[in-house]
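Enquirer: Can you keep this structure in mind? I'll have questions shortly.
The values are calculated or read from the model by the stated rules, or taken from the named source; none is laboratory data. Keep in mind the model is a prediction, meaning the values are calculated, not measured. For accessibility, only protein heavy atoms count, side chains too; no ligands or nucleic acids. Shrake-Rupley method; radii C 1.70, N 1.55, O 1.52, S 1.80 Å.
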Amino acid sequence: MKNVDDLIESAAELAGQGLSKGEIADELNVSRETASWLVERSGATAEPSNQSTQQSAGNGGPQDIHVDWSAIGRDSKRMGSIAAAMADLLAKHGEDVDLTVGIEKAGGPIATLIASELETDLSTYTPAKHQWEEGDIDELGGTFSRNFAGIRDRECYVVDDTITSGTTMRETITAIRSEGGEPLACVVLADKQGVEEIEGVPVYSLLQVISVGKDE
């Protein structure tokens with residue numbers, strides 16, 4: 001994707017497939033506010049969803065950065081190499097960690113390769129934003145898949161593709177702790193915020209993508 005028009009077109013296509021705005025945000029590696037703005041610009045919804053989105057649209061769109069890592073994701077060899085690098089960032093934390101938690105959707109395949117590299121079990125977490133359309137996301141909850149390993153009071157690593165605001169990573173850490181687990185470190189491909197830790201858990205990234213500019 002090379003420009004905003006491409007993102008708007010992709011948002012419309014995903015909305016037409018029935019994805020929630022939270023899922024669209026996940027697919028396009030943008031914030032929920034940006035996903036709403038893109039869908040509304042595409043005409044896939046009739047009315048602006050909320051005040052913040054209306055303000056964003058009126059000001060030319062929300063402030064966000066789109067990270068397109070499809071050149072990695074579409075090639076298993078490249079994915080394996082990237083996962084090995086991400087695993088190396090995690091390896092310094094804990095000698096007895098036997099669980100890697102991937103945040104769905106995009107974090108799942110990456111976590112699978114990292115788990116193989118580190119020889120750990122695999123768990124996956126689907127965040128609340130996948131259910132989100134509009135309204136208060138705090139009323140929604142995420143879930144751990146029963147098809148993969150349980151937390152069971154274990155130390156673990158957390159894996160995702162990007163950090164946009166840190167909300168999803170924070171939610172996942174909280175969910176793991178509610179199951180008695182203890183996240184020792186998080187790793188992502190790209191971090192848009194430049195965070196070093198979330199909820200006391202260190203965060204590592206291969207890339208930090210920081211927007212430097214002056215507000216008008």
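Enquirer: Contour minus end-to-end for Asp5 and Ser81, with contour as 0.36 nm per residue of separation and end-to-end as the Cα-Cα distance?
Expert: 24.2 nm
Enquirer: Additional query: Taking amide H positions as placed 1.01 Å from N in the peptide plane, with prolines and chain starts having none, which residues 5 or more places from Asp191, or on another chain, fall under 5 Å of its amide H?
Expert: Result for Asp191 returns Ile163, Leu207, Gln208, Val209.
Enquirer: How much accessible surface does Ser70 have with a 1.4 Å probe, in Å² rounded to 10?
Expert: Here the residue's solvent-accessible area equals roughly 50 Å².
Enquirer: Now for a separate question. What shape does the stretch 1-43 have by the C-alpha gyration tensor, where a ≥ b ≥ c are the square roots of the eigenvalues, rounded means a/c under 1.5, and otherwise prolate means a/b greater than b/c and oblate the rest?
Expert: The shape class here is rounded.
Enquirer: Another question, if that's okay. Which of the residue pairs Lys92/Lys129; Lys21/Lys105; Lys77/Lys129 have a Cα-Cα distance greater than 19 Å in the structure shown?
Expert: From Lys92/Lys129; Lys21/Lys105; Lys77/Lys129, over 19 Å: Lys92/Lys129; Lys77/Lys129.
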